[in-house]
Amino acid sequence: MVIGTARSYLKLRACVLLLLFTHLLIRVISPDPSIFADFYIYNAIALLAAAVAFFAPPFNDHLARLALSTALLLWAIGSIATAWNDFYAPTIWPNLSDLCYIFFYPLMLFGLIRALTAHRKFHAMELLDVVIITFGFSTLIAALLLKSAMAHFVGSSTTVFLSIVYPIGDVVLLSIALIIVLVQRRAPRSLLFLLAIAIFTATDLFFLYKSATSGYTFAQLTDDGWLIGLILIAEALWHHGGEAEVSEKIISASTTIAMIFSGAILTISALKRNYLPDAALIPAIATVALAVVRMAVALRDARSASTNLELSRIDELTGLANRRRFMAEIELLAGNPGTLLLLDLDGFKTVNDTLGHEAGDELLRQISLRFSRVVPHGALLARLGGDEFGVIIPGSARQGVEVAMAISSTVSYPFVVDGHEVTVGVSIGRVINDGSKELMRRADTAMYEAKRAGGGSVLWQP
């Protein structure tokens, strides 16, 4: 079954190449546009390239495969709309092709980054960065080239803007692909992507040049450059390649530059009215708006990360610090005067066995509350696990003695749990900080000595 499926996909990939060869042959033999060659065959190749990308092997990142196949499908739909309006009547909405081509670029950029970098969990910030880069760099190029382009192109500023946005998108894609190829040291997949985008970009630039000089006619041989680029993009997903780990830095830097450009262009426009066409300001406003959204998402994630970090250092049952935080604080104690206490409850197991674990949990909460009331400000009280607690007390050894005595006194009167009076004791191992890395072992030794003595506090002695 697997072999049969693989053969079907191989036939699909071969069919795309065969159709491309057929179209090139027809174009050489008969240069004049025809419905069969330039509507049916041409657009069938683009649709099949999208299918080849969609059915790429599972070793691909699924988001990369989905984004790239959708991008190719959108390009194919845009091409179908353009060809339909040239061959048939009534015509399709003329802006449909532009809309499809515009969305082609952010999807390509997103898919390219996912396909050429180490697989990782998707995050909304990643998609926001891609859109910001697309809008930001479009704004920059539009601001630099739109006025001069309008002198050579026929149409409104929006039409001219759309004409030059496409090669700008190509340049952004080409730059990202080139950087990753250099990092990956010529991995096969990244080289195929680079070649595909280079051919696609060269075709776009040639089209732009011909349009500006009024030398472009529909259905030229060079139009197959777009198809070759699409086929190579789809084919790249069928090959293994290196995976770079630098995308986060690259994208973050590109996003920052895009936001700076857009902010600068809006500032120039505010200071010098009507200096830039409206078509250049729309993506600039969109970039700044998305940057605000990105900042809000980043702040939310930072707060969430801070909360998660805090929760990872807190004991869920008692609300005290947990063992992880306690061990980290011991590292910070080195070189400073202080005392370490290890506490183990006496008689807790009996209560747990006779009244049940829920009663045992309630008893631990009550004990934690009593301990908290006598531990001085600046000291750290932690539940280390089970019925074992720890206390780090900065300051003199005398303060450590006083805290140990206060903790012992908190369990001298009974607790009420589920209507039962229960009594427990506490054994305390006490060690004075001398910079040793064996404070925990020494405190544990002293605690067991106290337990053998029937409770109370024992100071570790060399």
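Quick notes on this one:
- For Ile92, residues with placed amide H under 5 Å, excluding near neighbours: Asn85
- Between Ser211 and Arg365, the modelled label-to-label distance comes to 6.9 nm, taking each label 7 Å out from Cα in the direction of the beta carbon.
- Full extension of the chain between Leu12 and Ile35 gives 6.0 nm of extra length, using 0.36 nm per residue less the Cα-Cα distance.
- Summary of the geometry: the range 5-54 and the range 413-462, compared by the centres of their Cα atoms, lie 80 Å apart.
- Each of His62, His357 has some number of other Cβ atoms within 10 Å of its Cβ, and from fewest to most they run His357, His62.
- Length-normalised contact order of the range 323-459 in % [C-alpha pairs under 8 Å, at least 6 apart]: 34 percent
- Which of Thr255, Thr354 has the fewest Cβ neighbours within 10 Å, and the rest in rising order: Thr354, Thr255
- Sorting Asp61, Asp32 from the fewest to the most surrounding beta carbons within 10 angstrom yields Asp32, Asp61.
We did not get these values from a lab; they are worked out from the coordinates using the rules stated. Being a predicted model, the structure only gives us computed values, none of them experimental. As a convention, Cβ positions derive from the backbone with ideal geometry for all residues, glycine included, and neighbour counts pool all protein chains shown.
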